[in-house]
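Shown next, in structure tokens, is the structure this report addresses.
No lab work stands behind these numbers, since they all come straight from the coordinates. Worth saying up front: this structure is predicted, and the values here are computed from it rather than measured. Cβ placement follows ideal geometry from the backbone for every residue including glycine, while neighbour counts extend to all protein chains displayed.
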């Protein structure tokens with residue numbers, strides 16, 4: 001409280017945070033006054049350092065960079081230069097040349113989303129009416145933005161001589177690179193702050209330290225990248241994370257000094273690794289196998305991040321750790337659902353595998369090979385995958401008609417409901433027929449389907465969705481008994497067009513079977529008479545005046561019974577309609593065959609990957625040599641192992657994984 | 001024959017439907033629910049004229065106890081969600097399988113057959129996408145119920161069911 005007092009008089013005007021948008025800045029650039037200040041900034045920049053070259057060097061910590069036209073661009077050839085030898089490891093590095101690297105940088109350089117900017121007070125812009133804040137912000141946004149990147153400051157406020165800005169972590173990383181830039185004659189000091197409130201540290205803390213932190217972080221990140229690159233095998237799509245403690249690259253970095261262990265470095269490795277990929281699919285394609293052998297893991301909590309980074313992993317090797325029971329895997333929860341191979345050789349748990357097998361199979365529903373033993377066939381895995389989509393297989397319609405009553409009714413219904421609802425009522429409905437409709441406004445409609453949903457207004461006042469309608473009078477008024485009442489409702493509902501049932505049968509699924517115990521309209525049978533229950537799933541288009549097609553999905557259930565003597569032969573006892581936003585009807589699966597070929601290919605590939613991993617495991621050879629050895633022995637693991645044993649003394653040193661403790 | 005008022009008819013039917021909808025899908029969601037599923041249906045009994053008729057995704061389920069294996073085949077984290085339902089009384093004096101003493105009259109609405117139509121969604125744990133389902137159920141009185149066991153037993157049982165994934 002007391003400490004705040006001296007700050008307050010400096011001007012509440014500046015202290016109040018202002019929210020800024022991109023639009024305002026552009027407008028300003030075109031307008032009069034402040035533009036000059038902006039331009040000043042530019043002019044000073046250009047005069048002192050010759051533009052792009054300096055900007056690149058200083059801003060991006062890349063050392064001397066070739067000056068190329070719009071040199072700010074990411075992914076230009078300049079990036080490739082400091083990758084050097086690493087570049088051969090195609091897949092893992094692919095991400096480096098894309099914008100995604102920015103995300104990485106921002107994650108590693110700072111977790112903060114607030115920056116403290118100093119230097120404005122000594123700039124020429126300080127004499128502006130607002131103390132130069134607006135022009136500074138415009139300058140920062142413009143300079144930090146690149147051709148593919150629109151940096152936007154979300155919030156800003158001036159406190160004392162410093163300006164605090166808030167932006168997304170990605171944008172902050174870009175702005176942070178402007179540290180040391182010259183703005184309107186003054187050198188800017190930019191440093192990360194946890195929050196504006198904790199920002200009032202001594203100023204000399206500033207520039208130097210900041211530079212160190214930032215360049216250290218960049219260096220660490222670069223080193224982790226090369227560690228990863230050296231441990232990646234593109235042919236096998238294998239990321240070898242075994243014996244991390246012995247990694248020369250990591251040791252050189254000193255990350256294992258003192259108390260820092262795998263638990264510290266692993267999450268950082270995963271962040272760097274995960275950041276290399278734009279999409280989950282890309283990651284899934286590049287890395288199918290990971291080995292975490294020889295990491296002294298008593299449980300997986302130190303490597304929890306693996307599950308977040310590689311949820312779709314297929315092959316996992318945990319050999320020679322200290323895993324003793326299934327609960328040691330708890331940190332991974334229900335992750336790695338798609339695991340196909342799991343290797344636990346050299347763990348205490350190995351002795352209990354026989355008893356744990358069923359639990360492990362349950363945990364990993366598509367696991368095929370456990371410790372080199374096949375526990376599911378590829379067919380079983382394929383079937384399990386199909387089952388996951390619908391555990392209860394989707395069969396064709398169960399249409400058990402009685403004397404074509406159902407078929408005839410549906411054929412007439414579909415046509416007459418669209419064209420002549422009165423005729424439909426006259427043909428099938430009587431004074432006791434009951435009708436009601438309900439709207440399901442929350443129905444799923446498939447993630448690929450983003451068609452707008454036509455308003456429910458015409459139906460909602462008649463919707464008898466009992467999830468929502470809880471009072472008896474409404475429940476009663478929305479139940480329509482007798483053709484007259486139904487006629488009244490139907491004449492108020494939108495006109496419809498149902499697909500032609502003859503030519504577009506695939507738009508419908510219709511099922512029916514006999515239903516016992518209907519009231520006998522003749523009153524003769526005390527135990528009632530048999531009827532038919534029909535359920536029709538389909539879609540219709542509304543004939544609205546409003547533009548655009550309104551397509552809806554519906555299901556409709558009818559109970560049909562014999563008519564009273566002298567009336568229609570068949571009467572509708574019940575007619576229930578439920579409406580939902582349109583979605584593609586789940587049609588029965590055709591017998592599978594067309595996909596058989598692709599399945600075989602991918603399982604073949606998977607098998608080879610798994611086999612190579614096992615050979616790596618048994619021999620300590622690199623994945624490349626293991627794959628080579630397997631190729632030469634016709635992908636027979638035993639033969640490959642024999643070949644290895646016979647020749648291992650003749651193999652060059654680089655045929656072996658250097659780190660493996662053998 | 002004493003007819004019930006339309007008021008009672010709707011009230012009893014909605015209560016029965018509500019009770020069914022709120023307990024049946026929870027049983028499917030429950031990992032240990034498989035064994036309880038058959039309790040919702042009329043029993044397969046050669047002597048009773050009332051037989052269960054169950055169709056799930058077009059597959060005929062001969063005996064309600066077979067649902068247990070269907071339940072087992074779904075992943076443990078399956079979740080059915082009822083998003084809308086409606087119900088209508090099909091017969092206000094349903095007597096199939098009723099003891100002789102109960103043939104006449106239905107003033108309290110305990111002898112109806114009630115059609116329940118449910119529209120909802122289901123997420124099978126391993127699947128990426130939520131699917132839609134529509135379920136049609138005919139509830140009939142549980143004739144087995146006596147004053148003694150009224151509290152433990154379900155008042156209404158499923159005689160006919162047509163369930164299908166529609167999305």
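Of note:
- The range B:6-166 - Rg and Dmax from Cα coordinates, angstrom: 16.0, 54
- The mean sequence distance of close C-alpha pairs (under 8 Å, at least 6 residues apart), as a share of the length of the range A:450-596, puts its relative contact order at 17 percent.
- By the beta-carbon count within 10 Å of each Cβ, the least crowded to most crowded order of B:101, A:578, A:645, A:496, fewest first, is B:101, A:645, A:496, A:578.
- Scaling against 2.2 N^0.38 Å puts the C-alpha radius of gyration of the range B:57-139 at 1.47.
- Each peptide in A:238-247, A:340-349 gets a packing score, the mean of other Cβ atoms within 10 Å over its residues, and the list from highest to lowest is A:238-247, A:340-349.
- Peptides ranked, highest mean first, by Cβ atoms within 10 Å: ranges A:533-539, A:470-476, A:635-641: A:533-539, A:635-641, A:470-476
- Counting neighbouring beta carbons within 10 Å and listing from fewest to most, the residues B:24, A:366 come out as A:366, B:24.
- Peptide A:429-441 is shielded by partner chain Cβ atoms: per residue, an average of 3 of them sit within 10 Å of its Cβ.
- Helix-only mean residue ellipticity at 222 nm for chain B, each DSSP H run of n ≥ 4 adding -39500 (n - 2.57), per residue, nearest 500: -6000 deg cm²/dmol
- Residue exposure proxy: A:490, A:332, ordered by other Cβ atoms within 10 angstrom of their Cβ from fewest to most, comes out as A:490, A:332.
- Computed from label points 7 Å out along Cα-Cβ, the spacing between residue A:607 and residue B:11 is 6.9 nm.
- Average other protein chain Cβ within 10 Å of Cβ, residues A:574-586: 5
- Size of the range A:214-371 as Cα extents on the principal axes (Å, biggest first): 51, 36, 25
- For the pair residue A:651 and residue A:472, the difference between a 0.36 nm per residue extended length and the Cα-Cα distance amounts to 55.9 nm.
- Neighbouring Cβ atoms from other chains, within 10 Å of the Cβ of residues in A:528-538, number 3 on average.
- Angle between chain B longest axis and helix B:6-29 axis [Cα atoms, degrees, rounded to 10]: 30 degrees
- When the alpha carbon gyration tensor of the range B:1-43 is reduced to an equivalent ellipsoid, its three semi-axes come out at 30, 12, 4 angstrom, largest first.
- Distance between the modelled labels on residue B:38 and residue B:125, one decimal in nanometres: 2.5 nm (7 Å Cα→Cβ projection).
- Spacing of the two label points (7 Å from each Cα toward its C-beta) at residue A:298 and residue B:63, in nm: 5.2 nm
- Mean separation of Cα contacts under 8 Å (6+ apart) over length of the range B:6-166, as relative contact order %: 25 percent
- Ranked by the mean number of other Cβ atoms within 10 Å of their residues, highest first, the peptides A:175-183, A:120-128 come out as A:175-183, A:120-128.
- Springs between Cα atoms under 10 Å define the GNM used for chain B, and in it the highest mean-square fluctuation of B:115, B:70, B:50 occurs at B:70.
- Extension gain (nm, one decimal) between residue A:152 and residue A:639, 0.36 nm per residue minus Cα-Cα: 169.2 nm
- Maximal additional length on extending the residue A:161-residue A:127 stretch stands at 10.9 nm, based on 0.36 nm per residue less the C-alpha distance.
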